[in-house]
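As C-alpha cells, the structure follows; a few thoughts come after it.
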Amino acid sequence: MFRVNAARRWSQWASHRAFNPAAGLMPKRAVSAVLCGRNDNYTPDFKERIDTCLDWAFGNGLAEVIWVEWNPPEGAPLLAEDLTRRFPRLRAYVVPKRFHDDISENPAFGLMEYHAKNVGIRRASTDWICCTNADIIWGPDVFPWFSLLRKNVVYQTQRVDFRWTGETVTVPLLEDRSRHLKHYRTDYIPIEGPGDFTLAHRDHWFRATGYDESLRNHRRWCDDRGIHQLLAVGGRLGRIGTTYHMDHANSSNHSVSPHHGIEFNPEAGLPYRNQPDWGVGKAGSRAIGERIWMLE
C-alpha cells in the first residue's frame, strides 16, 4: 500500500469543504446498499444493529437495499423475513448451504462475505451501488454527496469506531465525541476500513467483475483488494464523509480468529478477472416470500 501524496489529500479536503454544502441543493442519485449476513448470533444484537442502520439510511434518502442471506443456519428463521416486512425498499436473496459448500475452503467460515456481496452487486437495480456492512452508520455528511457522484470515481469514507448502546441514531449522538473510540486514517489507498463503504457506478463494478472470487480461504483484506481492483480498471479514489462502525467484541480490531481467514497481499496479481457468472450469475431464483428469492 502507498501513501496519498500531500497535494491529493489537500484536494480531497478542499473539494469536501467546497462542494458538500452545495450538493444538498441538487437532485440525489439513487444509491443501492449491498449488505450480507446470516442468523447465527454473530453478535447478540445483530438484528437491532441492522434495523438501526437501515432506519437511519432510508430516512436520509437511501433508495434500495439488497440483503444477501448466505448459508442460513438450519432451523433458524431467515433475517430476510423480518427485514422485508420492516423495509419496503429492501429486496433479499438467500444463498443456500450447497453454494457455500462449493465455494468455501475454510471450515471456520459460515459466511463468504465478498462472494455474498457479489451476489448483491449483480442484482442491484440502481446505477450507483455501495457495498457496506450491517453495523455501519452512514454519517449525515455522506448523503448530500449523492448529488455529485461521478463515474469512474470510487468513493470511500473516514471510519470512526463508535460506541453504540441501543439508541436511535441522531446527529447529536454521532457527534458525541465521548462515543468515538478510534478515528481511522485517510492518507492511504485504500482509506482504512474499505469494507465499511465502497461506492461506485454499476458499470465500474461490472468492469471490475466484483470482488475476487478466487479468494476462498480469506476474509481480511478482501475489501482492500476490491478497492485496488476498482482503481486498476480505471477508477480514482474520492472521499465523501464519515461512517460510524458500531463497535463489537467480534471485530478483528480486537482479536483475529479463524473466521477472519488467512493473510495475503491484496495488491498481488492485479487486475484479476472473475468468471462471467461471478456473483452466482447463472443461478435461477425462486420466490419464497414477498421480495425474497432463493437462489437455485
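Read the figures in this text as sums done on the coordinates, not as results from a lab. Quantities reported herein were computed from a predicted structural model and do not represent experimental measurements. As a convention, Cβ positions derive from the backbone with ideal geometry for all residues, glycine included, and neighbour counts pool all protein chains shown.
Miscellaneous remarks
- Percentage relative contact order, the stretch 183-246, counting C-alpha pairs under 8 Å, at least six apart: 37 percent
- Fully extended contour minus Cα-Cα distance, from Glu105 to Phe206, at 0.36 nm per residue: 33.8 nm
- The GluC sites (Glu not before Pro) of the stretch 71-116 meeting both criteria, a DSSP state outside H, G, I, E and B (loop) and at most 16 other C-beta atoms within 10 angstrom of the site's C-beta, are Glu74, Glu105.
- Average Cα contact separation per residue, the chain, under 8 Å, 6 or more apart, as relative contact order %: 25 percent
- Choice from Gly75, Gly279, Gly210 with maximal GNM fluctuation in the chain (Cα, 10 Å cutoff): Gly75
- Residues of type lysines that Lys151 reaches as a straight line, Cα spacing below 19 Å, ignoring anything fewer than 8 places off in the same chain: Lys28
- Fully extended contour minus Cα-Cα distance, from Asp127 to Leu173, at 0.36 nm per residue: 13.4 nm
- In this structure the amide hydrogen of Thr242, modeled in the peptide plane, comes within under 5 Å of the amide hydrogens of Gly139, Asp141, Val142, Gln158, none closer than 5 places in sequence on its chain.
- Note on Arg123, Arg225: ascending count of other Cβ atoms within 10 Å places them as Arg123, Arg225, the fewest first.
- Derived scalar couplings ³J(HN,Hα) [the stretch 87-101; Karplus, 6.51 cos²θ - 1.76 cosθ + 1.60; whole Hz; x for Gly, Pro]: 10, x, 9, 10, 10, 10, 10, 9, 10, x, 4, 5, 5, 4, 5
- Antiparallel %, DSSP beta bridges [both residues in the chain], to 5: 40 percent
- Set of lysines with alpha-carbon distance to Lys47 below 26 Å, sequence-local pairs under 8 removed: Lys97, Lys117, Lys182
- Note on the chain: with a GNM built from Cα contacts shorter than 10 Å, the maximum mean-square fluctuation among Glu213, Glu192, Glu175 falls on Glu175.
- Relative contact order %, the stretch 155-296, counting alpha carbon pairs below 8 Å whose residues are six or more apart: 30 percent
- For the residues Tyr188, Tyr155, Tyr114, a GNM of the chain with alpha-carbon springs under 10 Å puts the largest fluctuation on Tyr188.
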